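Handing you this structure, nothing more for now.
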Amino acid sequence: MISQLFILSPRGDVIINKQFRLDVPVKITTEVFFRTVKFWKDGDKAPAVFSEDGVNYVHVKVAGLFVAATTRKNVSPSLVLELLHRVAKVIKDYCGVLSEDALRKNSILAYELIDEMLDHGYAQTTDTETLKQRVFNEPIHATEDVGKSSVGGATPKKYGFFSASVGQFGSGAPTSAKRSAVNRSVIAAPQGPDESSGGRNEIFVDVVEKLNVTFASDGSQVSSEIDGSIQVRNFLHDRPTIKLALNEELAIGGRDLGAFGGPGRYQGYSAGGGMAVLLDDCNFHESADLSQFDVDRTISMTPPAGEFALMNYRAAGEFDPPFRLQTVIDDGTPYRLQVTLVLKAEFPARNTCTGLQVKFPVPRNCVNAHPTLEQGSAGSGQQHAAYTQADRAVVWQFKKVKGQGEHVLTINVSFPDEASARASKKECGPATLSFTIPTYNASRLQVRYLQIGGGPTGGG
């Protein structure tokens with residue numbers, strides 16, 4: 001199926017390079033791949049699948065690392081993408097974290113895992129529990145690199161003004177659990193005081209949501225969607241049965257609307273309001289027992305070892321976003337555009353957002369862009385703004401943002417002539433936000449309790 005599997009660092013350094021079929025020029029494929037991804041046409045980001053010189057390249061980006069495969073065969077792209085994600089997941093399960101440092105320290109373990117997962121380029125098994133019987137190398141403790149997952153796209157840059165906060169699952173989850181307890185190998189034993197929890201029966205459950213919201217220039221909401229998942233990282237011994245309960249007032253798609261007043265009340269029970277939590281669709285892990293789910297919204301299962309998504313869901317109904325961004329562009333001054341960004345934090349005041357980054361693209365033909373923070377605003381010392389010429393964008397970063405606050409940024413964009421300023425007005429934006437808000441989710445989906453064998457062990 002695939003001819004080669006390799007993992008590259010963000011700089012393009014080869015960390016793992018496994019050959020299977022010897023039908024591609026393995027000595028240059030990594031260079032061709034990285035050069036193509038880095039210098040894609042017109043400065044856009046490279047797609048997840050592309051072809052160069054008769055070789056098909058398929059890749060994902062996980063934790064800042066490129067996980068890629070090459071083949072000359074006409075294979076299913078979605079199949080290879082899923083395989084690459086599972087390879088990355090298994091390596092993370094066994095190394096504890098997926099980072100450049102972890103892979104270099106555990107390269108022998110990584111090659112052993114790849115040899116067991118793929119035979120002559122064909123997938124054999126990607127089950128963490130099954131591989132325990134075939135893998136004999138012990139992991140070496142390593143540090144975690146901050147990064148986010150994407151398919152065929154670039155990982156959001158960290159501009160270094162403030163350290164970003166990434167949750168325990170590396171994708172915006174809360175940081176309430178001790179990092180060393182969560183980021184450990186599924187086969188590691190305790191090695192000292194810092195890893196004293198390595199031998200405990202532990203399971204971590206988190207609700208992680210990604211919001212896609214489009215605002216008009218006046219801050220009104222044009223479209224909105226929630227892509228969420230219930231992420232589980234399992235370190236329980238002897239594979240006990242667990243029972244997990246969600247909101248009792250949970251409605252999924254059209255089939256459950258009758259219980260909450262019928263289709264005519266759809267908007268009244270959207271994902272962001274009303275008494276019910278309404279999801280458009282969802283899917284569950286293959287080990288989930290849903291025999292009681294329609295009765296009391298409980299899920300029973302014997303969880304596999306390591307990290308997995310118990311439930312993926314989507315909600316496209318209107319909800320209250322945690323942030324609202326208003327943009328005002330003034331072209332009254334010759335040779336210049338003045339852009340004012342008004343950012344309102346609409347989540348509860350008891351919550352605190354960490355690692356907020358607002359990126360606002362400016363026109364390509366501008367000479368310079370000078371951002372100015374509002375003087376005397378609350379939390380002004382917790383924010384920083386700068387223009388990055390390489391990206392043609394102004395990056396506005398916050399260390400911490402409390403709920404119910406408002407922040408203002410003014411950007412003066414200079415142009416070589418007056419005509420360019422007027423013509424480039426429509427090229428400003430759109431702004432993108434990336435952030436983490438622990439213990440807050442827009443859909444209001446909650447884990448009521450988690451039961452391991454006996455009684456409930458906790459909620460959330």
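From (1) more than 29 Å from PHE435 (Cβ to Cβ); (2) at pLDDT below 75; (3) surrounded by fewer than 16 Cβ atoms within 10 Å (Cβ to Cβ), pick out the condition that doesn't hold for ASP238.
(2)
For the condition assigned to a strand (DSSP E or B), assigned by TED's automatic domain parsing to the domain that holds ASP331, more than 19 Å from TYR335 (Cα to Cα) and over 25 Å from the mean Cα position of the chain (by Cα), what is the one hit in VAL401, VAL408, VAL413, VAL395? Show your work before the answer.
Numbers: VAL401 fails: over 25 Å from the mean Cα position of the chain (by Cα); VAL413 fails: more than 19 Å from TYR335 (Cα to Cα); VAL395 fails: over 25 Å from the mean Cα position of the chain (by Cα).
Matching residue, one of VAL401, VAL408, VAL413, VAL395: VAL408.
Looking only at the range 414-439, filter to residues that are in contact with a Gly (Cβ under 9 Å, 6 or more places away or on another chain) and of a type in the set (Ser, Thr, Tyr); which one of those is nearest to GLN326 (Cα to Cα)? Give the derivation first.
Just the residues of the range 414-439 that are in contact with a Gly (Cβ under 9 Å, 6 or more places away or on another chain), to begin with: 434-439.
Subsequent filtering for residues that are of a type in the set (Ser, Thr, Tyr) retains 434, 436, 439.
On the way: SER434: 16, THR436: 20, THR439: 26 Å.
Result: SER434.
Taking into account only those residues within the range 75-123 that are closer than 25 Å to GLU286 by Cα and touching an Asp or Glu at 6+ places or on another chain (Cβ under 7 Å), which is surrounded by the fewest Cβ atoms within 10 Å (Cβ to Cβ)?
LYS89
Which residue, of ALA88, ALA102, is part of a helix (DSSP H, G or I), closer than 16 Å to LEU65 by Cα and in contact with a helix residue (DSSP H, G or I) (Cβ under 7 Å, 6 or more places away or on another chain)? Quick ask: steps written out before the conclusion?
Values: ALA88 fails: in contact with a helix residue (DSSP H, G or I) (Cβ under 7 Å, 6 or more places away or on another chain).
None of the other options fit; the residue is ALA102.
Here's another thing I want to ask about it. Exactly one condition in (1) out of contact with any Asp or Glu (no Cβ under 7 Å at 6 or more places or on another chain); (2) within 30 Å of ASP42 (Cβ to Cβ); (3) not hydrophobic (A, V, I, L, M, F, W, C) is not met by THR354; state its number.
The single condition THR354 does not satisfy is (2).
In addition: Within the range 369-392, restricting attention to residues that are surrounded by 13 or more Cβ atoms within 10 Å (Cβ to Cβ) and in a loop (DSSP other than H, G, I, E, B), which residue is modelled with the lowest pLDDT?
Once the filter is applied, the top-ranked residue is GLY379.
Give me the residue from the range 248-300 that is polar (S, T, N, Q) and assigned to a loop (DSSP other than H, G, I, E, B) and, out of that set, modelled with the lowest pLDDT.
That would be SER270.
Of all residues being part of a loop (DSSP other than H, G, I, E, B) and of a type in the set (A, V, I, L, M) in the range 39-74, which is nearest to PHE20 (Cα to Cα)? Just the residue, please.
Step one: filter the range 39-74 for residues part of a loop (DSSP other than H, G, I, E, B), giving 39-40, 44-48, 53-54, 63-64, 72-74.
Filter once more, keeping what is of a type in the set (A, V, I, L, M): 46, 48, 63.
Details: ALA46: 25, ALA48: 21, ALA63: 25 Å.
Only one residue tops the list, namely ALA48.
Moving on. Just checking, does the range 346-368 include any residue being free of Cβ contacts under 8 Å to residues at least 40 places away in the same chain and in a strand (DSSP E or B)? Before the answer, list the steps.
First, the residues of the range 346-368 that are free of Cβ contacts under 8 Å to residues at least 40 places away in the same chain: none.
Among the residues of the range 346-368, not one is free of Cβ contacts under 8 Å to residues at least 40 places away in the same chain and in a strand (DSSP E or B), which makes the answer no.
I would also like to ask the following. It is to be established whether one or more residues within the range 216-223 are over 30 Å from ALA305 (Cβ atoms), in contact (Cβ under 8 Å) with a residue 12 or more places away in the chain and polar (S, T, N, Q).
Yes, the range 216-223 contains at least one residue that is over 30 Å from ALA305 (Cβ atoms), in contact (Cβ under 8 Å) with a residue 12 or more places away in the chain and polar (S, T, N, Q).
Still on this structure, I have one more. Look through PHE323, PHE319 and report the one residue that is surrounded by 19 or more Cβ atoms within 10 Å (Cβ to Cβ), within 23 Å of GLY219 (Cα to Cα) and at pLDDT 90 or above.
On the way: PHE319 fails: at pLDDT 90 or above.
Every option except PHE323 fails the conditions.
The values are calculated or read from the model by the stated rules, or taken from the named source; none is laboratory data. Because the structure is a prediction, the values reported are computed rather than measured. Backbone-built Cβ (ideal geometry, glycine too); neighbour counts: all protein chains shown.
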